[in-house]
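See below for the structure under consideration.
The values are calculated or read from the model by the stated rules, or taken from the named source; none is laboratory data. Since the structure is predicted, the reported quantities are computational estimates derived from the model, not experimental observations. Glycine also receives a Cβ, built like all others from the backbone with ideal geometry; neighbour counts cover every protein chain displayed.
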Amino acid sequence: MQDMPIKNRERIALLGQLVRYGITGLLASFINIGIYHGCVKLGGLDPNLAWTIGFLGAAGAGYLMHGAFSFRGHGGRDRQHVRIGRFMIVSLISFGLNSFWVWLLVQYLNLPIWAPYPPVLCVTPLLVFWLNRQWVFE
């Protein structure tokens, strides 16, 4: 890989991050979805309250997994307090967008409780990857 031009190495590194981010993001999303689905189906909770509880579980797991796996070797690891604060802000953006999907699709359009899964798993992660890569794990 050392003989490869720098631009190509950067693209391969970015692709590796994106793949690792996808794996880690899916795990965190399944934590969130599992808690959400269980709280709604088994606990009878309001869908947005259930989503909030799931988010809290997934956010903690996500920070640890993204820092150790998704963005390993990317950026410095100093100023941990800044990184945690930025991760919380990005997580809140993700939470807000995903809560919107839950509200729109489940509560407003009265679709099944699984209706938010496609945008939660396909739309939101692209924005959050970019924010994490450019700002959190810089």
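Structural remarks
- Scanning region 89-103 for residues that are aliphatic (A, V, I, L, M) and in contact (Cβ under 8 Å) with a residue 12 or more places away in the chain gives Val90, Ile93, Leu97, Val102.
- Considered as a group, the residues in region 19-40 that are surrounded by fewer than 17 Cβ atoms within 10 Å (Cβ to Cβ) and of a type in the set (A, V, I, L, M, F, W, C) include one that is farthest from Trp101 (Cα to Cα), and that residue is Val19.
- Contact map, region 15-41: first residue on the phi < 0 side of the Ramachandran plot and of a type in the set (Lys, Arg), second residue at pLDDT below 90 and surrounded by 20 or more Cβ atoms within 10 Å (Cβ to Cβ), Cβ cut-off under 7 Å, separation 6 or more or different chains; pairs are Arg20/Ser70.
- Among the numbered conditions (1) within 30 Å of Leu111 (Cβ to Cβ); (2) within 15 Å of the chain's Cα centre (by Cα), the only one that Val40 does not meet is (2).
- The lone exception for Glu138 - which of (1) assigned to a helix (DSSP H, G or I); (2) in contact (Cβ under 8 Å) with a residue 40 or more places away in the chain; (3) out of contact with any helix residue (DSSP H, G or I) (no Cβ under 7 Å at 6 or more places or on another chain) it fails: (1)
- Test: residue in region 65-81 that is of a type in the set (A, V, I, L, M, F, W, C), surrounded by 18 or more Cβ atoms within 10 Å (Cβ to Cβ) and either modelled with pLDDT of 90 or more or assigned to a helix (DSSP H, G or I) (or both): yes
Results for (1) loosely packed, with under 12 Cβ neighbours inside 10 Å; (2) part of a loop (DSSP other than H, G, I, E, B), shown as yes or no for each residue.
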{"site": "Ser91", "(1), (2)": "no, no"}
{"site": "Val106", "(1), (2)": "no, no"}
{"site": "Ala115", "(1), (2)": "no, yes"}
{"site": "Gln134", "(1), (2)": "yes, no"}
